[in-house]
Every structure is written in structure tokens, then in C-alpha cells.
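These notes are about the structure you will find just below.
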Amino acid sequence: MTTETLPTAPLPQPLPGPDWLPDPGTYGAAPDRCIVELTARFGPLTTLRRRLTALDATLTVAPDSDDCVLSLELAGRPLGGRVLTFVSTSLTPTDGATRLHVPGELALAGEPAEATFGFRVVERTADRLLVLGTVRLPYRPLHRRTGLTLPRTRPAARVRLLVAAEFTCAA
């Protein structure tokens, strides 16, 4: 038996200096450029996987990362006709600015629940940011706080939201 080492793709290099985000301004992701998936898991089994529609995906970039705002409004059949919102007021770069740590609040009908997205920066230019991120939350506390209800035939212990979005300058 032999082993072979395969080459790996290089990670995106951070831009020099403080330019780890695009230029300050308001950026939006068109509905066809924002993919959101809701996944429910029970142990090792995936019991539900559905796409959600991004009604609004907006990123406001400020000179200070603590003043940046990310907001998402999501709708779809698993949400029972309601709108799921995520709002964050800070973006923190990690791993040499190839990842973004985005704490915020996830709300549906009840109280908002704290959630932290981990985004990987796939590509960035002066007027564009392409990211891929996930948030994983335990289902029962999320159900109690926000009112998110999955069908009884779809048991869940954990819920994951996956977001792939291309934010481009709105101006």
C-alpha cells in the first residue's frame, strides 16, 4: 500500500494593512447571489434540509469594525410564513483576516437568541465581498426563545444555518 500527498489549494491572502473589508459604504446581496440553507440534525442524522429565501441581505461597512452592521431577513416554508432576522453590529477578523467572527441576534417571533456566525472570506475587492458562513444552535433553546418550530416528523437536536453571499456596492 502506498500513500500519496496531494497538493492543497492556497488560502486567500489578506489584503495589506487594515483593508480586510471592502471600502466603507452599503453593500447588498441580490437574492440570486445569496444562498441560505436550514439544516436540522438529530444525532448523526440530517432530518431536514431546506433552502430559505433571502428577502434582504445588507452589509454596512464603516471605518471601525465595531460600527459595521450585517442584517439578514429570511423566509421560507420551514419558517411557517414568518420572517427570520439576523442582525449584527460588529465584525471581527480572525486568522489573518481570512475569517470573520460575527456575533448578533437571531429573531423570529419571540425574544431574540444570541447567535455567532463564522464566515470565511472567499474573495474580497474594493467593492465586493464574497463570504461563506455557518451558525450552529441547539434546537430546544432556540425553539423556546424565538418560536422556531419544525414539524413533529422532523426531530432535531441542533439547527444549522448556512449562508453564502456575494455583497456588492449598492451605489
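The values are calculated or read from the model by the stated rules, or taken from the named source; none is laboratory data. All figures in this text were calculated on a predicted structure; none of them were measured in a lab. Virtual Cβ from ideal backbone geometry, glycine too; neighbours counted across all protein chains shown. Calculation scope for accessible area: heavy atoms of the full protein, side chains included, ligands and nucleic acids excluded. Shrake-Rupley method; radii C 1.70, N 1.55, O 1.52, S 1.80 Å.
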Quick one: which of A164, A170, A157, A107 is touching a strand residue (DSSP E or B) at 6+ places or on another chain (Cβ under 6 Å), of a type outside the set (K, R), under 21 Å from D23 (Cα atoms) and at pLDDT 90 or above? A164
Selection within region 120-171 - of a type in the set (D, E, K, R), outside any strand (DSSP E or B) and over 19 Å from P78 (Cα atoms): D127
Of all residues in region 57-84, how many are free of Cβ contacts under 8 Å to residues at least 24 places away in the same chain and not hydrophobic (A, V, I, L, M, F, W, C)? 5
Only unsatisfied item for L70, checking (1) open to solvent by 50 Å² or more (accessible area, probe 1.4 Å); (2) assigned to a strand (DSSP E or B); (3) not small (G, A, S), is (1)
How many residues are charged (D, E, K, R) and in a strand (DSSP E or B) if we restrict to region 74-119? 3
Filtering region 124-159 for residues that are of a type in the set (G, A, S) and surrounded by fewer than 18 Cβ atoms within 10 Å (Cβ to Cβ) leaves a count of 3
